[in-house]
Amino acid sequence: MTILDMGLSLLVLLPVWMLSALVLHQIQRFMHFVCSLMHSLLQVSYTSWFLDAFNYAIATNMDVLNLSIGGPDYLDLPFVEKIWEITANNIIMVSAIGNDGPLYGTLNNPADQSDVIGVGGIDYSDHIASFSSRGMSTWELPHGYGRVKPDVVAYGRDIMGSKISSGCKSLSGTSVASPVVAGVVCLLVSVIPEPDRKNLLNPASMKQALVEGAAKLAGPNMYEQGAGRVDLLESYEILKSYKPRASIFPSLLDYSDCPYAWPFCRQPLYAGAMPVIFNASILNGMGVIGYVESPPIWHPFEEVGNLLSIHFTYSEIIWPWTGYLAIHLQIKEEGAQFSGNIEGNVTLRVSSPPAQGEKRPRVSTCVLQLKLKVVPTPPRAKRILWDQFHNIKYPPGYIPRDSLDVRNDILDWHGDHLHTNFHIMFNMLRDSGYYVETLGSPLTCFDARHYGTLLLVDLEEEYFPEEIEKLRDDVINTGLGLAVFAEWYNVDTMVKMRFFDDNTRSWWTPVTGGANNPALNDLLAPFGIAFGDKILSGDFSLFGEENRYASGTDIVRFPRGGYVHSFPFSDSSESGATQNVLLTSSTTKADSPILGLTVMGEGRIAVYGDSNCLDSSHMVTNCFTLLRKMLDFTSENVRDPVLFSKSNKQVAPLYEDDNQLPSRRTDVNFSSYSAVVGKDLICRTDSRFEIWGTKGYILQVRGRNRRLPGYPVIDLGNGLNSTFDASNIRRRKVTLRNKDDSLGNRYLGLFYGDEPDAPMLVGSHWLIPAVVAATGILLLSFWRIRQKRRRRRKGSSSSGRLTNL
């Protein structure tokens, strides 16, 4: 048996191996170790170096490979594809999950790949080590949902290992936990008689033995511990009687198992909600390639299980060794008032080609057990919709961090999801009685009548014109609340943040700021609201709490009659912030508007210029109290006296000329990173089942007669365009607009020409119908007058003819 260990962890692996060998007495062959130090003296590593080492592992027919390194770039295709080649050659790879904990969404590649055994760290008290990276995987965002990682955890804090010279030393990190598991894997390999090893053991079967034999820890959730602490003896018992088969990991989703099943156990299902997606891995121990023979089947245990509408997306071809099964869960309309549990199994049939000496294909049926909790549909005011679609993360582009005060983490790579770096906020909203759903498709793909507030936080994406038009109507006429948390955006600062990447041998420059304020300004232009390009930092007090404003922006447009709060902050954009020096002595402090609240037709809007106070990645102080007050206003029109003080009411509108608003970068090909620019508008599999493959609830087709769960019938016109054939959808692509084409010009007269109050925007919505109606009345009047004249002439002519007779 041969092991290749990459990293500095061989010193840990050796004593662990020797200790384990003394316990099981299973070492029968000479162990050949190759230790490759994959870093230069400057701690720089290159993809090409790893590719050379991986080729060596394949050429020498390695059995087990430990990788105590990793990084966030899961789109480094040469590296990722070589990992697939490694495992396809039946090399079992074990890899450290990363040391970026306790932050969520910080998995390192290749440990986040399903064909790799990803290892997290624990201490001797079986607590998750603070440094151990947490899941979920972020490959699948924004349209899907991440997979469970790490796979298992092992001791990784204060582990004693040998020094290179002599004696022992204490080491900590997932780079230490990973070789511990690699040692366990080698012992398990030695359990199987050598003639049977290649037939029975492979990356999938070894992972099955580890996750099925692991001991689940009390306290951590599945995205912290995976299957639990690795258990050598339990995995040994599984392998002793192992027969090649396929399985699903995790094999159970139990809404009653909290906190392990977080976040699913934190929010029950209900009718009318966006689909809840659970993404599991298919492990195929029967062969490197497998096939899903037929669509998965839902088997409810009781009749009530038919209230569940379930769709599947999955890997039809499983390679190498693993695939995915995503289940999309909705409660049917007839379950709008149901409260209780739904249980059942999902089965999936997998086949693989026959092994050497076999004549028939190998076939196995996988089972995923579901135990779901369902509640009646909550009231509209308690339902919040989180916009995931308009978040862009690293990779593939250089998306910079939101707080420029943070020097050691230059990239925004944690997913910006409710269940990654916004998980603390999610828990707070649930504790406050809100139900929070996720939208991974454009804003045309949700029905605004069912939500109290649309929550837009730290958004980097552009917007389709249909989205802008629909959101305007949703707020003004449908009463949707809108809460926006922006970020810094300054082109000069972005230019100075560029750096030369030694690995790709190219210059990297941010494709946007902390948020895409030019795009946000287009979205908010119909409401007379815009953000500026200042980079503001400082402390202030609100609701008796001290708050930190960390690299936020200012509000430069806001309608008259709204309420605006300003505070004195330093503007680091004036001093020319750079990658290394972000604040200098030349910064100045001035009152800057950062918080605004206003009524807009039937809806209400609240905007704030910083999102770091909601993001657990680099949070200094949280602004959860402010968020709750904003949602109270946008969802239920509850007005906090501090926020709605008369002294903060705008007598005159805030206004800045278009040429003073933030402009888009012209030297960046944004379409390379965007799901909007140059793309088609389409609702994907994260939206309601009935609009998959359509443009959604756009204004022209948004009406429907069908009653939605828990809500009265509202006839908005023709029925929903529910075709599922995306090729039949009229295509409309988006191109970036220049500053001179700003949407603000369209509404300039409405908000700033005569300085009307914001509610007057409602009147403009009916301007065209009113003109058409007045024109129709005039035409009808002219027609009636003409008809009367014709009748008079006709009467005179008839009398003359009769007289002549």
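Can you order the peptides 438-451, 170-183, 380-393, 402-415 by their average number of other Cβ atoms within 10 Å per residue, highest first? Walk me through the intermediate numbers first.
On the way: 438-451: 24.1, 170-183: 25.6, 380-393: 22.4, 402-415: 19.7.
In descending order of packing, they fall as 170-183, 438-451, 380-393, 402-415.
Between Arg349 and residues 5 or more places away or on another chain, which pairs have amide H atoms under 5 Å apart, with H built 1.01 Å from N, and which residues are they?
Glu293, Ser294, Cys366
Short version: ³J(HN,Hα) in whole Hz for each residue of segment 188-201, in order, from phi by Karplus 6.51 cos²θ - 1.76 cosθ + 1.60 (θ = phi - 60°), x for Gly and Pro, what are they?
5, 4, 5, 5, 7, x, 3, x, 9, 4, 5, 7, 9, 9
Residue-wise, which Karplus ³J(HN,Hα) couplings in Hz belong to segment 295-300, taking 6.51 cos²θ - 1.76 cosθ + 1.60, θ = phi - 60°, and x for glycine or proline?
x, x, 10, 9, 10, x
Starting from the Cα gyration tensor of segment 62-110, take the square roots of the eigenvalues, sort them a ≥ b ≥ c, and report rounded, prolate or oblate (rounded when a/c is under 1.5, otherwise prolate if a/b is larger than b/c, else oblate).
On the way: a/c = 3.24, a/b = 1.62, b/c = 2.00.
Since a/c reaches 1.5 but b/c is at least a/b, the shape of segment 62-110 is classed as oblate.
Rounded, prolate or oblate: which fits segment 90-169 when a ≥ b ≥ c are the square roots of the eigenvalues of the alpha-carbon gyration tensor, with rounded for a/c under 1.5 and prolate only if a/b beats b/c?
Working: a/c = 2.72, a/b = 1.75, b/c = 1.56.
Here segment 90-169 falls in the prolate category.
Just list whichever of Lys240/Lys359; Lys393/Lys695; Lys589/Lys679; Lys470/Lys629; Lys373/Lys679 have alpha carbons separated by over 32 Å in the model shown.
Values: Lys240/Lys359 25 Å; Lys393/Lys695 24 Å; Lys589/Lys679 42 Å; Lys470/Lys629 26 Å; Lys373/Lys679 38 Å.
Check vs 32 Å cut-off fails for Lys589/Lys679; Lys373/Lys679.
Taking amide hydrogens as modeled 1.01 Å from N in the peptide plane, which residues meet the under 5 Å criterion relative to Gly105, leaving out close sequence neighbours?
Answer set, sorted by chain and number: Arg134, Gly135, Met136.
What size of dipole, in debye to the nearest 20, comes out for segment 448-517 about its Cα centre when the only charges are +1 on Lys and Arg C-beta atoms and -1 on Asp and Glu C-beta atoms?
Working: 6 positive and 13 negative charges, 24 e Å.
It comes to approximately 120 debye.
Determine the shape class of segment 186-297: with a ≥ b ≥ c the square roots of the Cα gyration tensor eigenvalues, call it rounded for a/c under 1.5, and otherwise prolate if a/b is greater than b/c, oblate otherwise. List each step's numbers first, then the result.
On the way: a/c = 3.69, a/b = 1.60, b/c = 2.30.
Since a/c reaches 1.5 but b/c is at least a/b, the shape of segment 186-297 is classed as oblate.
What residue among Phe446, Leu456, Asn477 has its Cα farthest toward the positive end of the dipole of segment 436-487, where the charges are +1 on Lys, Arg and -1 on Asp, Glu, each on the Cβ?
Value: Asn477.
Would you give the gap between the C-alpha center of segment 227-292 and the C-alpha center of segment 658-673, rounded to a whole Å?
44 Å
Is there a quick way to get the dipole size of segment 224-304? I mean about its Cα centre, with the Cβ of Lys and Arg at +1 and of Asp and Glu at -1; what is the value in debye to the nearest 20?
Numbers: 5 positive and 9 negative charges, 55 e Å.
Once rounded to the nearest 20, the dipole reads 260 debye.
Students often check this: by mean Cβ neighbours within 10 Å, which of 97-107, 231-241, 80-90 ranks highest, and how do the rest follow? It would help to have the intermediate numbers written out before the result.
Numbers: 97-107: 24.3, 231-241: 15.2, 80-90: 18.5.
In decreasing order of mean packing, 97-107, 231-241, 80-90 become 97-107, 80-90, 231-241.
HN-Hα J couplings of segment 348-359 from phi, Karplus 6.51/-1.76/1.60, θ = phi - 60°, integer Hz, Gly and Pro as x?
9, 9, 10, 10, 9, x, x, 6, 4, x, 9, 9
At a 1.4 Å probe radius, carbon and sulfur cover how many percent of the accessible area of segment 69-141? Could the numbers behind the result be given before it?
Working: 1040 of 2000 Å².
Here it works out to 52 percent.
Testing the spin-label approximation: label points 7 Å from Cα along Cα→Cβ at Glu85 and Arg407. State their distance in nm.
For Glu85 paired with Arg407, the spin-label model returns 4.0 nm.
Going by average Cβ neighbours within 10 Å, how do the peptides 191-198, 65-72, 285-292 rank, with the highest at the top? Each step should come with its number before you reach the end.
Numbers: 191-198: 12.6, 65-72: 24.5, 285-292: 22.5.
Packing order, densest peptide first, comes out as 65-72, 285-292, 191-198.
Can you tell me the dipole magnitude for segment 89-166 around its Cα centre, using point charges on the Cβ only (Lys, Arg +1; Asp, Glu -1), in Debye to the nearest 20? Intermediate results must be reported in sequence, preceding the final value.
Values: 5 positive and 8 negative charges, 21 e Å.
Dipole size: approximately 100 debye.
The values are calculated or read from the model by the stated rules, or taken from the named source; none is laboratory data. The structure presented is a predicted model; accordingly, all values stated were derived computationally and were not measured. All Cβ positions, glycine included, derive from the backbone under ideal geometry; neighbour counts span all protein chains shown. Only protein heavy atoms, including side chains, enter the accessible area calculation; ligands, DNA and RNA are left aside. Shrake-Rupley method; radii C 1.70, N 1.55, O 1.52, S 1.80 Å.
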